[in-house]
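The next block holds one structure in the form of structure tokens; read it before the comments.
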């Protein structure tokens, strides 16, 4: 059946006529080779997943997606993901768009938690790729397409075989570009990426702004790590946040310490041109701003893209 669905997709895309006079579209699309796909199906799939991940899947439907994570019991991120419901024509179930390097670990962890739940877990990363499309509207929407729930400017995701990325781009009316173009868009939107902007297994959801990117549902029932995350939310104890930065010169290396004077206040994450992300202690950065101390990393100057947001966040945390 999977082969039939794959053939159907190839026939649908492969039969599209190519117009030589086609106007260059504004929308861009990129195959993201660092992303993988894990599927969870079975009659208990929705309830099973709702009991362990940070987002609420109760009303999720095909064509929609949620941002979420699987946490340790201590509330730290094991893996974050986008999740969508597959339509019946693709076998139903739920599809995780996740870091490819962690796809098998995610599948193994889900199998560990399933106990007697009637679910099947599959790592489909070798057969399904992830395509991002942004900067306009789709001329048509293929199966397994959904809007990125984190930020409207991140556009859409399409799950399809990697070798069909070029044909998918034609189908949706986009230019196929390198994944680095998507990285620049992600950074400009202030959306962190695990492994670059934070370390899996060491960061809390609040530190990666999951609470601000619609990745944590504070009204749903229990999930793994909920107690810690809920306490940070209600007590306002998050002191570390991912922030957007502007670089005044060459980009420091990822992981470089950010200093206010000689005092460490954070670390550099991913960068693209003059824009970047950093993981900072908001209280220490707020003190530096109040004292008029410049921020540097690797001896290179930088400043916050939105200093007021850091100052306000620090005030709210101290209240």
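No value in this document is a laboratory result; all are computed from the given coordinates. Keep in mind it's a predicted model, so treat the numbers as computed, not measured. Neighbour counts run over all protein chains shown; Cβ positions are idealised from the backbone, glycine included.
Listing for the model above:
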quantity	calculated
Exposure proxy order (Cβ contacts within 10 Å, fewest to most) of 222, 189	222, 189
Bins of 5 Å from zero: percent of alpha-carbon pairs in region 22-154	2, 10, 20, 24, 20, 12, 7, 3, 2, 1, 0
Mean Cβ count within 10 Å, highest first, over the residues of peptides 110-121, 138-149	138-149, 110-121
FRET efficiency estimate (nearest 0.05) - Cβ-Cβ, residue 237 to residue 274, R0 35 angstrom	0.60
Normalised contact order of the chain, rounded percent, pairs of Cα under 8 Å and 6 or more residues apart	19
Sequence of 76, 61, 263 once ranked by neighbouring C-beta atoms within 10 Å, starting from the fewest	61, 263, 76
MRE, 222 nm, helices only [DSSP H, n ≥ 4, -39500 (n - 2.57), over the chain, to nearest 500]	-8000 deg cm²/dmol
Rounded to 10°, Cα long-axis angle of helix 179-188 versus longest principal axis of the chain	40
For region 239-318: relative contact order, % (alpha-carbon pairs under 8 angstrom, 6 or more apart)	38
Debye equation applied to the C-alpha atoms of region 239-318, log10 I(q)/I(0) at 0.20 Å⁻¹	-0.77
Between helix 282-291 and the chain: long-axis angle, C-alpha atoms, 0 to 90°, nearest 10	40
Over 38 Å [Cα-Cα, the chain], rounded percent	19
Cα-based helix-to-principal-axis angle, 226-235 vs the chain, degrees rounded to 10	40
Per-residue Cβ neighbour rank within 10 angstrom, fewest leading, 214, 90	214, 90
